[in-house]
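Taking it in order: structure first as structure tokens, then the write-up.
The values are calculated or read from the model by the stated rules, or taken from the named source; none is laboratory data. What you see is a predicted model, and the numbers here were worked out from it, not measured in a lab. Ideal geometry is used to build each Cβ from the backbone, glycine not excepted, and the neighbour counts take in all protein chains shown. These area figures cover heavy atoms from the full protein model, side chains too; ligands, DNA and RNA do not enter into them. Shrake-Rupley method; radii C 1.70, N 1.55, O 1.52, S 1.80 Å.
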Amino acid sequence: MKKLTLKNCRQENALLLDYEFIDHYMPEANGEYVKVYLLLLRCQASPNRELTISGIADILDDTEKDVIRALKYWKKQGLLDYEITEEAASSAPRADTQAPEAADAQGQAAPSPENVTRFRNRKELKELLFVAEQYLGKTLSATDMKTITYFYDELGMSTDLIEYLIEYCVENGHKSMHYIQKVALSWADRKIRTPEEAKQSAAFYSKSCYGVLKAFGITGRSPAASELAYIQRWSGEYGFSDELILEACNRTMNSIHQPSFDYAESILKSWLEGGAKNRKDVEALDLAYQKEKLERKEKRQGRSASSSAETPKPARNRFNNFEGRTYEDMEDLTRRLIQNQ
């Protein structure tokens, strides 16, 4: 918890504002900043009242970042000074965490109604729920709110990242909260913490992974873990461009007429061993292979022509493994048959 201790603030003896503040400071200040300043004046009138950043944020329906920005602004204007100290959390269990929370059907801990209420009352999260409803085109159910709360509290996702998560899934045709949760868990496993990191990951999936699946004629699903390992090795370890990876996939389909990551692996590995870095290098390897293949064929044909020049001896088998009879023998046999009639 961040505790705020005011060290100097104008209008120490009253809550009245002088003309100078109204005429010169208030018109140029952000409205939220003015609210923070007025609340600080009120709190200073009650010196025994504990002042915390989160407490101010809750009262004004702001975020803690908004409060800190307001404090910095007024300090820069010379109207107040402050210091923020970190306080250790109380060792006593909170009322809303004394009993284990039941797990919902999706496997995560279901927040208590109090947690959900606080979630909705906080400005940044309330705005996130509104944005989520706009993307999903529906009013969020209690289960939907619990799931988004889980992303924020348990997975540690920022509101910006959650907003991009929902936007990304909807743009790819998936409005199911169950699907959104699967993507969120995947991002958490890969340590994705910002929208920028998520965009980089999404770009890899759309350009490489789904390009490969499309080349193989695979639709309606994401790449399996083993398939993803192949694609990551081709682009990462082997260093091949998307163009060459897709070329290997197309050659696989032309050769064996079915998707095979193993077969595409053999093609790309041969290119790697041949030092191919681009399509021109691959074409050079193709020409070298065709030339070598032609030379082997001509060599075989040369051996065959040399063998046919020699007079072959008649082969003997069980059908001709006897001495053939002459024409005269046949005439004598015929004559004897006639005489015996």
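Being open to solvent by less than 70 Å² (accessible area, probe 1.4 Å), of a type in the set (D, E, K, R) and modelled with pLDDT of 70 or more is the requirement here; does Asp66 meet it? Spell out how you get there, then give the answer.
Details: open to solvent by less than 70 Å² (accessible area, probe 1.4 Å): yes; of a type in the set (D, E, K, R): yes; modelled with pLDDT of 70 or more: yes.
For Asp66, the condition - open to solvent by less than 70 Å² (accessible area, probe 1.4 Å), of a type in the set (D, E, K, R) and modelled with pLDDT of 70 or more - is met.
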Within region 69-88, residues being out of contact with any strand residue (DSSP E or B) (no Cβ under 7 Å at 6 or more places or on another chain), surrounded by 10 or more Cβ atoms within 10 Å (Cβ to Cβ), outside any loop (DSSP other than H, G, I, E, B) and modelled with pLDDT of 85 or more number 4
Here the residues within region 39-63 that are assigned to a helix (DSSP H, G or I) and either open to solvent by less than 80 Å² (accessible area, probe 1.4 Å) or on the phi > 0 side of the Ramachandran plot (or both) are Leu39, Leu40, Leu41, Cys43, Gln44, Ile53, Ser54, Gly55, Ile56, Ala57, Leu60
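The rows are residues; the columns are (1) farther than 24 Å from Gly275 by Cα; (2) touching a Phe, Trp or Tyr at 6+ places or on another chain (Cβ under 9 Å); (3) not hydrophobic (A, V, I, L, M, F, W, C).
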{"site": "Glu197", "(1), (2), (3)": "yes, yes, yes"}
{"site": "Lys214", "(1), (2), (3)": "yes, no, yes"}
{"site": "Gly217", "(1), (2), (3)": "yes, no, yes"}
{"site": "Gly220", "(1), (2), (3)": "yes, no, yes"}
{"site": "Gly239", "(1), (2), (3)": "no, no, yes"}
{"site": "Asn254", "(1), (2), (3)": "no, no, yes"}
Worksheet item: Do the conditions hold for Ser206, that is, is it out of contact with any strand residue (DSSP E or B) (no Cβ under 8 Å at 6 or more places or on another chain), modelled with pLDDT under 85, polar (S, T, N, Q) and open to solvent by 30 Å² or more (accessible area, probe 1.4 Å)?
Response: yes
Scanning region 220-263 residue by residue, those modelled with pLDDT under 85, polar (S, T, N, Q) and either under 19 Å from Lys280 (Cβ atoms) or open to solvent by less than 80 Å² (accessible area, probe 1.4 Å) (or both) turn out to be Ser222, Ser226, Ser235
Within region 150-159, the residues that are open to solvent by 10 Å² or more (accessible area, probe 1.4 Å) and closer than 17 Å to Glu133 by Cβ are Tyr152, Thr159
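Scan Ala14, Ala29 and give me the residue that is assigned to a loop (DSSP other than H, G, I, E, B), open to solvent by less than 80 Å² (accessible area, probe 1.4 Å), among the aliphatic types (A, V, I, L, M) and modelled with pLDDT of 80 or more.
Numbers: Ala14 fails: modelled with pLDDT of 80 or more.
Exactly one residue qualifies, and that residue is Ala29.
Considering each of Gly236, Gly220, Gly275 in turn, give the residue that is free of Cβ contacts under 8 Å to residues at least 24 places away in the same chain and more than 30 Å from Leu165 (Cα to Cα).
Exactly one residue qualifies, and that residue is Gly275.
Listed here are the residues, each with its yes/no results for (1) farther than 20 Å from Arg221 by Cβ; (2) open to solvent by 60 Å² or more (accessible area, probe 1.4 Å); (3) modelled with pLDDT of 90 or more.
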residue	(1), (2), (3)
Leu136	yes, no, yes
Thr139	yes, yes, no
Ile148	yes, no, yes
Ile162	yes, no, yes
Trp187	no, no, no
message = Please determine whether any residue of region 165-177 is closer than 30 Å to Phe151 by Cα, open to solvent by 40 Å² or more (accessible area, probe 1.4 Å) and among the basic types (Lys, Arg).
response = yes
Q.
Asp144 - would you say it is charged (D, E, K, R), closer than 24 Å to Tyr25 by Cα, modelled with pLDDT of 55 or more and buried (at least 17 other Cβ atoms within 10 Å of the Cβ)?
A. no
